[in-house]
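Please read the structure below before turning to the comments.
The values are calculated or read from the model by the stated rules, or taken from the named source; none is laboratory data. Note that the structure is predicted; figures quoted are calculated from it, not measured. All Cβ positions, glycine included, derive from the backbone under ideal geometry; neighbour counts span all protein chains shown.
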Amino acid sequence: MTRYADLHTHTYHSDGTRAPREVIDVARAHGITIVAISDHDNLAAFFEIKAYADSVDVLLVPAAELSCAVDGVDVHVLAYAFDAFNERVAARLAAFRETRHTRGYRMVDRLHALGYAIDRDRVDQLAGGGAMGRPHIARALVEKGYVASVAEAFDTLIGTGKPAFIDKERFRIDDAVALIHGAGGVTSVAHPSHYPDSETLLARLFDAGIDAVEVIHPDVDDAARETFTNIARFRNKFLTGGSDDHGTVKAKETLGSFRVPETLIGPILERSE
Ligand code: AMP
Ligand code: FE
Ligand code: FE
Ligand code: ZN
């Protein structure tokens with residue numbers, strides 16, 4: 001019997017709203033038995049829920065989503081099946097969480113100056129000690145009634161280039177690839193449709209040593225899937241996919257609706273079982 005995977009999910013250890021256990025349970029309810037929790041800059045969910053996943057026969061793949069800079073473009077790289085106990089990985093992720101925290105506070109201060117009085121402490125609470133991100137700030141703005149939705153917060157205040165936007169620190173792409181390869185893992189380009197001139201960029205990322213591209217994703221349509229798949233096949237790279245579920249913070253909950261057959265992700269399974 002073919003098993004199915006979801007290799008792109010988020011929990012409240014970064015900017016999702018679900019508990020790790022809920023991710024496992026909802027995935028299982030949809031017949032998914034291979035799961036990667038790819039929180040931004042954080043492995044906490046893996047350690048929290050590994051024993052539980054084992055106990056219900058879900059293969060939990062170590063994962064993280066890394067924000068990288070490539071020729072001035074913000075590219076998200078999914079890291080998979082690396083040694084979860086690798087100290088260099090842990091140290092780099094911790095350093096990025098620290099800079100996210102500083103940047104989050106700076107954005108709160110900027111919002112104050114603009115007349116939006118949200119509390120640092122509340123943003124801290126919403127981030128729950130994990131990787132702080134703009135969605136936490138957006139939720140604090142919604143709670144205070146300054147905007148009607150997270151989407152409106154991004155559109156008017158904290159989206160790229162908006163008045164309260166402050167950029168965050170990113171990995172250099174070669175750095176991210178070296179770090180993850182050094183820990184025995186593989187890398188994939190997340191949601192490739194999000195980037196300008198994505199086909200050229202994908203070639204550039206493959207040149208930099210990225211191993212795969214995420215072709216099953218809510219934002220990758222059929223035509224794009226075919227194009228990215230062809231580029232990957234031509235370059236001897238492989239394919240990944242997932243729901244990119246963030247729980248209720250995004251307009252749609254996608255967990256369970258994006259199933260990736262195990263035949264697609266051999267290189268990850270080889271490193272995980
Ligand atoms: P940050 O990493 O702090 O810059 O925040 C970026 C995160 O915000 C992304 O990973 C998405 O999860 C989320 N995001 C980006 N745009 C939107 C949007 N329009 N609505 C809701 N969430 C968004
Ligand atoms: Fe996110
Ligand atoms: Fe992403
Ligand atoms: Zn994601």
- prompt: Of the residues that sit in segment 241-251 and are modelled with pLDDT of 95 or more and assigned to a loop (DSSP other than H, G, I, E, B), which one is nearest to ligand 4 (Cβ to nearest atom)?
  reply: Asp244
- prompt: Assuming Cys68 fulfils every condition listed in (1) farther than 26 Å from Pro261 by Cα; (2) in a strand (DSSP E or B); (3) over 12 Å from the mean Cα position of the chain (by Cα) apart from one, which condition is it?
  reply: (3)
statement: Ala224 meets each of (1) under 30 Å from Ile118 (Cα atoms); (2) away from ligand 1 (no atom under 11 Å from the Cβ); (3) of a type in the set (A, V, I, L, M); (4) buried (at least 16 other Cβ atoms within 10 Å of the Cβ) with one exception, condition (1)
field: Top-ranked residue of segment 204-221 - restricted to ones that are in contact with an Asp or Glu (Cβ under 9 Å, 6 or more places away or on another chain), more than 20 Å from Gly31 (Cα to Cα) and not hydrophobic (A, V, I, L, M, F, W, C), ranked as farthest from ligand 1 (Cβ to nearest atom)
entry: Gly209
query: Which residue pairs have Cβ atoms closer than 6 Å, lie 6 or more positions apart in sequence or on different chains, and pair a first residue in segment 234-246 that is under 13 Å from Asp219 (Cβ atoms) and among the hydroxyl-bearing types (Ser, Thr, Tyr) with a second residue that is in a loop (DSSP other than H, G, I, E, B) and within 16 Å of ligand 2 (Cβ to nearest atom)?
result: Ser243/Thr254; Ser243/Leu255; Ser243/Phe258
- prompt: Quick one: how many residues across segment 218-240 are under 25 Å from Ala178 (Cβ atoms) and not in a helix (DSSP H, G or I)?
  reply: 6
message: If I filter segment 115-126 for residues that are aliphatic (A, V, I, L, M), within 15 Å of ligand 2 (Cβ to nearest atom) and assigned to a helix (DSSP H, G or I), do I get at least one hit?
response: yes
- prompt: Of all residues in segment 127-147, which are out of contact with any Lys or Arg (no Cβ under 6 Å at 6 or more places or on another chain) and either aromatic (Phe, Trp, Tyr) or not in a helix (DSSP H, G or I) (or both)?
  reply: Gly128, Gly129, Gly130, Gly133, Lys144, Gly145, Tyr146, Val147
- line: Expected output for segment 54-80 (first residue closer than 23 Å to Ala90 by Cβ and among the polar types (S, T, N, Q), partner away from ligand 3 (no atom under 11 Å from the Cβ) and modelled with pLDDT of 95 or more, Cβ below 7 Å, 6+ apart or cross-chain) is Ser67/Lys168; Ser67/Arg170; Ser67/Phe171
message: Looking for something away from ligand 4 (no atom under 16 Å from the Cβ), in contact (Cβ under 8 Å) with a residue 40 or more places away in the chain and touching a Ser or Thr at 6+ places or on another chain (Cβ under 7 Å) - is there at least one such residue anywhere in segment 101-116?
response: no
query: Inside segment 7-51, can you point out the residues that are closer than 15 Å to Asp245 by Cβ, among the acidic types (Asp, Glu) and either touching a Pro at 6+ places or on another chain (Cβ under 7 Å) or within 16 Å of ligand 1 (Cβ to nearest atom) (or both)?
result: Asp15, Asp39
message: Return the pair list, or none, for Cβ contacts closer than 7 Å from residues in segment 181-192 that are closer than 12 Å to Ala212 by Cα to residues that are within 16 Å of ligand 1 (Cβ to nearest atom) and among the charged types (D, E, K, R), at least 6 apart or on different chains.
response: Ser188/Glu214; Val189/Glu214; Ala190/Glu65; Ala190/Glu214; His191/Glu214; His191/Asp219; His191/Asp244; Pro192/Glu214
